[in-house]
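Enquirer: Right, I'll just put the structure down here and ask away after.
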Amino acid sequence: MTQDKLILRPWKDGDETICYNLIKSNIDAGLFNDQIDPDSGQSNFSEKQIIHERGFPNTYSETKFYVGYTPSKKEPVCFMAHQSTSITYLIVSPEEQNNGHGTEMLSKLEQLIPNDKIYVHPDNERASNFYKKHGYLGQEDVWLYKDIKK
């Protein structure tokens, strides 16, 4: 399958619902195990709870958010966010995972972050493996990091 090139745009009003849907689809697919109700096996979080707890724009003024889409899709397939020294979000729709979008977003984030050392806090083993595959091998407490040569 040929991968569509990922197009990123800055966050705009109304993207909360798009990002909620991306997070919820990952939760429902079992990719955020910490967000699943152990009794029902389903996410029991509302849009408001996920957006509030995950710190979407206006919560952290220094966080920069981007939404990614491909020319063949009408809806965004991913979003990412960063602060001056860390990646705070890198979320890809489950249907679009393993198409190179996460790697492409990570590469763009590494260019956007104005620091020589970038930190990530992987939420789960899958995320941890993704970052380690891309050179985030240093560890400080629960943070992984990578020295970036700019």
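Quick note: the coordinates plus some simple rules give every number you see, no bench work behind them. Please read these numbers as outputs of a predicted model, since none were measured by experiment. Every residue, glycine among them, receives a Cβ derived from its backbone with ideal geometry; neighbour counts consider all protein chains shown.
Enquirer: Using the Cβ atoms and a cut-off under 15 Å, what net charge is assigned to the surroundings of residue 98, where Lys and Arg are +1 and Asp and Glu are -1?
Expert: It works out to a net charge of -2.
Enquirer: For residue 85 and residue 134 in the same chain, what is the full-extension length gain: residue separation times 0.36 nm, less their Cα-Cα distance, in nm?
Expert: Difference between extended and current length: 16.0 nm.
Enquirer: Here's a follow-up. By DSSP, what percent of the beta bridges with both residues in the stretch 62-131 are antiparallel, rounded to the nearest 5?
Expert: Percentage antiparallel, nearest 5: 85.
Enquirer: Something else now. Taking the Cβ-Cβ separation of residue 116 and residue 142 as r and a Förster radius of 22 Å, what is the calculated FRET efficiency to the nearest 0.05?
Expert: Working: r = 21 Å, r/R0 = 0.95.
So, using R0 = 22 Å, E works out to roughly 0.60.
Enquirer: Would you mind calculating the gained length between residue 124 and residue 7 on full extension (0.36 nm times residue separation, minus the Cα-Cα distance), in nm to one decimal? Write out the running numbers ahead of the final one.
Expert: Details: separation 117, 0.36 × 117 = 42.12 nm, distance 2.63 nm.
Going from the current span to full extension adds 39.5 nm.
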